[in-house]
Amino acid sequence: VLELLRAVQRGSEDRKRSLGRLRWALQNKETQQKFVRLDGSIRTLIGIFTSSLADMQMEAARCLHELSHSSDPAVAEACLPVTSYLLTYLSGHSVEFMELCLYTLGNLVIESEAVRKQLLPQGIIPVLASCIQSPHEAVLEGLGYVLSQLLQAKEAPTEIIPLVLDSVLPQHMLRLVCSGLKAGIGAAVEFAWCLHYIVCSHTANAALLSLGALPALTSLLLDLASEIPQDAPEGLELLVCPVLRCLSNLLAEETGCRVQIQDERLLIALFLILQCFLQQHPFIVQECLWLLNNLTADEPFFCSALLSLDLLPALLQLLPCSQMASVLVLTVLCNIAEKGPAYCQQLHRQPALPLLLPTLALPDPEVVGQCLELLHLLFLHWPEAAADFVTQGGHQALEQHQSTPELQERARALLDMVGQPLGASAFSPCHTTLSAFS
């Protein structure tokens, strides 16, 4: 490493070759640590990086990019002097050079709070805002990467997100996400995650809602669902996931939002997405069910639509998918049953009870507990369901939980209701919107 550095410093004829060998060597973690401890190493790289020789600049940029991959904060902090030049070169240079600068910045801000604290006063947010109208997909994807790293920093809610909201970035991010596949799926994915991190801060939702984020993201989800029956592009699930999370979290924070998006097509889109990704990408099922829960919580429109569109059988089929899927399906059913007798009557008409009996036999207390809550609502609002439940062997299914500490009180209350369908309940339902994963 020392020999390579000396060859670079001497400016010999094979300087470019030496830089290329150095770049290869800097892929090694120990080499990175040794290199930054050598006297004048970073200063030499910066000198070449800021020179007027384009091919040498590019090689130096590649060396700096390799250093930025280090997980050692000391290496990132050794690169502090280069940050201002990285920002400067985000304008007026080749696409490949800008892309290298962006990914180098993104890698550095992950590992070092010191780098982030230096970049903010240097004006990284205004610089990124000026880049977001670039026509080049590679630049936009790199820009999205830098932003997503900044927005995940521990200080993001107080120090970074306010600066982002004061810039033109949010509306352009929303535009690029909602252009979906037209802007390139890589860039759309990066900016969708950026929006998700902003929403998760809980302080920026009003700003995003004022930009029309809710109808825009809803429309995008409809568009993405319409792509699915045809030839869905590879990686589509990577875009669908943050879009679902953004909508779920916006709905969780703003109870009035559900009124703004009363569109039955959203439910159809969700079930198309569920059907498409169920086998290969089961994590999407969980995301769809979080959103479905937040749509149906305290909102009769989507509960009625789910029943009138005959989507209940498809929902019930998801019960055995996973533990979390079971809990969320049962929670959505509770949201529907909570709306009263007419809704419970319709649930009773569907094959819900036969599927709930094997659910009660599961060893998971959370799943069984949610199932008990659903039965409570059904029995309370539609006593005929209690009678059918008994004839199907439900009494014995409840009795087995009388000895489970966290379930016994609710199981006994339901046994009382089965004996006296119109009797009072020993527990009351609790339904709230749920924040999606952050």
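The values are calculated or read from the model by the stated rules, or taken from the named source; none is laboratory data. From a predicted model like this one, the values you see are computed outputs, not experimental measurements. So basically every Cβ, Gly included, is an ideal-geometry build from the backbone, and we count neighbours across all protein chains shown. To get the accessible areas, we keep the full protein, side chains included, count just its heavy atoms, and leave off ligands, DNA and RNA. Shrake-Rupley method; radii C 1.70, N 1.55, O 1.52, S 1.80 Å.
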Could you figure out which of (1) surrounded by fewer than 20 Cβ atoms within 10 Å (Cβ to Cβ); (2) touching a Pro at 6+ places or on another chain (Cβ under 7 Å) isn't true of residue 88?
(2)
So the check is Cβ under 9 Å with 6+ separation or different chains; which pairs have a first residue in the stretch 297-315 that's open to solvent by less than 20 Å² (accessible area, probe 1.4 Å) and a second one that's part of a loop (DSSP other than H, G, I, E, B) and small (Gly, Ala, Ser)?
none
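Taking the condition farther than 22 Å from residue 240 by Cβ and either of a type outside the set (Gly, Ala, Ser) or out of contact with any Phe, Trp or Tyr (no Cβ under 7 Å at 6 or more places or on another chain) (or both), does residue 275 pass?
No: the conditions fail for residue 275.
Suppose the filter is out of contact with any strand residue (DSSP E or B) (no Cβ under 7 Å at 6 or more places or on another chain) and either under 18 Å from residue 105 (Cβ atoms) or aromatic (Phe, Trp, Tyr) (or both); does residue 7 pass it?
Details: out of contact with any strand residue (DSSP E or B) (no Cβ under 7 Å at 6 or more places or on another chain): yes; either under 18 Å from residue 105 (Cβ atoms) or aromatic (Phe, Trp, Tyr) (or both): no.
No, not satisfied.
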Log entry, pairs with first residue in the stretch 13-25 being closer than 13 Å to residue 55 by Cα, second being open to solvent by 70 Å² or more (accessible area, probe 1.4 Å) and assigned to a helix (DSSP H, G or I), beta carbons closer than 7 Å, six or more apart or on different chains, reads 16/55
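Free of Cβ contacts under 8 Å to residues at least 40 places away in the same chain, over 20 Å from residue 240 (Cβ atoms) and open to solvent by 30 Å² or more (accessible area, probe 1.4 Å): is that true of residue 126 in this structure? Walk me through how you get there before you give the answer.
Working: free of Cβ contacts under 8 Å to residues at least 40 places away in the same chain: no; over 20 Å from residue 240 (Cβ atoms): yes; open to solvent by 30 Å² or more (accessible area, probe 1.4 Å): yes.
No; evaluated as a whole, the condition is false for this residue.
Conditions (1) modelled with pLDDT of 90 or more; (2) closer than 24 Å to residue 287 by Cβ, marked per residue:
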position: 332; (1), (2): yes, yes
position: 346; (1), (2): yes, no
position: 355; (1), (2): no, yes
position: 363; (1), (2): no, no
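Look through 431, 401 and report the one residue that is at pLDDT below 90, part of a loop (DSSP other than H, G, I, E, B) and under 32 Å from the mean Cα position of the chain (by Cα). Let's see the steps before the verdict.
On the way: 401 fails: under 32 Å from the mean Cα position of the chain (by Cα).
Step by step, each of 431, 401 is checked, and only 431 is at pLDDT below 90, part of a loop (DSSP other than H, G, I, E, B) and under 32 Å from the mean Cα position of the chain (by Cα).
With respect to residue 328, is the statement that it is touching a Phe, Trp or Tyr at 6+ places or on another chain (Cβ under 7 Å), crowded, with 18+ Cβ neighbours inside 10 Å and assigned to a helix (DSSP H, G or I) true? Even if it seems obvious, please write down each step before you answer.
Working: touching a Phe, Trp or Tyr at 6+ places or on another chain (Cβ under 7 Å): yes; crowded, with 18+ Cβ neighbours inside 10 Å: yes; assigned to a helix (DSSP H, G or I): yes.
It is true that residue 328 is touching a Phe, Trp or Tyr at 6+ places or on another chain (Cβ under 7 Å), crowded, with 18+ Cβ neighbours inside 10 Å and assigned to a helix (DSSP H, G or I).
Identify all residues within the stretch 145-201 that are β-branched (Val, Ile, Thr) and without any contact (Cβ under 8 Å) to a residue 24 or more places away in the chain; write none if there are none. Before you say what the answer is, go through the steps one by one.
Restricting attention to the stretch 145-201, the residues satisfying the condition of being β-branched (Val, Ile, Thr) are 146, 158, 160-161, 164, 168, 177, 185, 189, 198-199.
Residue satisfying the conditions is 158 alone.
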Scope the stretch 376-398; condition over 16 Å from residue 346 (Cβ atoms), among the aliphatic types (A, V, I, L, M) and open to solvent by less than 20 Å² (accessible area, probe 1.4 Å); matching residues
386, 397, 398
Considering (1) at positive phi; (2) at pLDDT 90 or above, say which one residue 367 fails and leave the rest.
(1)
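Okay, residues lined up against (1) outside any loop (DSSP other than H, G, I, E, B); (2) open to solvent by less than 40 Å² (accessible area, probe 1.4 Å); (3) in contact with a Lys or Arg (Cβ under 8 Å, 6 or more places away or on another chain):
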| site | (1), (2), (3) |
| --- | --- |
| 23 | yes, no, yes |
| 27 | no, no, no |
| 30 | yes, no, no |
| 33 | yes, no, no |
| 39 | no, no, no |
| 44 | yes, yes, no |
| 52 | no, no, no |
| 57 | yes, yes, no |
| 106 | yes, yes, no |
